[in-house]
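Q: Before we start, here is the structure in question, set down as structure tokens.
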Amino acid sequence: MRRRVYVMAAALTALVTGCGIRTTSVPVDAGAAPSRVPCSVTEDGTTGPAAQGVPVRVFLVCGSELEAVDRRSPLPEEKAGGDPVRTAGGLLAQLLAEPSESERQAGFTTEVRGPLTVGAAHRGDPAGSLRLSRQPEDLAPTALSQIVCTFAESSAGAGGHTVLLGGPGPYAPKRYRCTPELRERPESSPPTAPAPSPSAS
């Protein structure tokens with residue numbers, strides 16, 4: 001009788017332990033992790049009347065990186081190759097505006113905050129310089145990265161993915177670069193390059 005009990009107990013133990021999930025040394029490919037945000041807008045972001053303005057491109061934050069977004073500027077007088085200061089002003093207005101509903105759903109945000117304006121160069125600045133109403137170094141790094149890349153990739157830039165940018169004070173403008181590394185890590189300080197010689201005017 002006692003032997004029969006032992007046999008039944010052993011069988012029951014084997015049955016219970018067999019129900020567990022066995023570990024395996026073979027890697028299992030469950031596929032890529034699902035993306036939290038698409039970072040893609042199916043239609044142009046709009047902060048003004050859809051029928052007005054011209055296509056522009058701005059850099060917004062999505063997934064901790066900078067991504068280009070195509071919009072239509074509400075300023076009909078803003079034209080490619082026109083006044084760089086006016087172009088920069090229209091782009092800055094786009095960065096200051098809240099993302100559209102479709103942009104928010106895609107995960108886009110902006111770190112650029114007002115009050116902030118952009119104006120023409122000071123006397124003695126290198127040609128093509130722009131002046132912000134706040135010193136660039138005083139802006140949040142991600143906000144400055146957005147501005148640098150947006151201006152540098154437009155007709156307001158100084159060529160070569162750069163922009164000559166200064167503040168309201170007497171400090172000389174710096175040539176900021178929009179690089180792939182900056183787009184991946186916009187919280188870092190934008191890299192700079194030597195600025196051209198000041199203009200004679």
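Q: For region 101-201, what is Rg from Cα atoms divided by 2.2 N^0.38 Å, rounded to two decimals? Mind showing how you got there, number by number?
A: On the way: Rg = 13.8 Å, N = 101, 2.2 N^0.38 = 12.7 Å.
In units of the 2.2 N^0.38 Å rule of thumb, it is 1.09.
Q: Identify, among SER145, GLY159, PRO99, the residue whose Cα sits farthest towards the positive end of the charge dipole of region 97-163, taking +1 on the Cβ of Lys and Arg and -1 on the Cβ of Asp and Glu, with the dipole about the Cα centre.
A: Selected residue: GLY159.
Q: Between ARG134 and GLU184, what length comes free when the chain is fully extended (0.36 nm per residue of separation minus the Cα-Cα distance, one decimal in nm)?
A: Gain on extension, ARG134 to GLU184, equals 15.5 nm.
Q: Test of understanding: what is the full-extension gain from VAL54 to VAL85, defined as 0.36 nm times their sequence separation minus their Cα-Cα distance?
A: This chain segment gains 9.5 nm when fully extended.
Q: Using a 1.4 angstrom probe, figure out how much accessible area region 61-201 has per residue, in square angstrom, rounded to the nearest whole.
A: Heavy-atom accessible area per residue stands at 47 Å².
Q: Then there's this: Pop a pseudo-label 7 angstrom from the Cα along the beta-carbon direction at both GLN105 and ALA120 and give the gap in nm to one decimal.
A: Placing both labels 7 Å along Cα→Cβ, they lie 4.4 nm apart.
Q: Of all DSSP beta bridges in region 103-201, what percent run antiparallel (nearest 5)?
A: Percent antiparallel among DSSP bridges in region 103-201 is about 80.
Q: Could you work out the per residue convex hull volume over the alpha carbons of region 112-162, in cubic angstrom?
A: That works out to 83 Å³ per residue.
The values are calculated or read from the model by the stated rules, or taken from the named source; none is laboratory data. Not measured: the values here are computed from a predicted model. Here Cβ is always computed from backbone atoms with ideal geometry, including for glycine, and neighbour counts include all displayed protein chains. These accessible areas exclude ligands, DNA and RNA; they are computed on the full protein's heavy atoms, side chains included. Shrake-Rupley method; radii C 1.70, N 1.55, O 1.52, S 1.80 Å.
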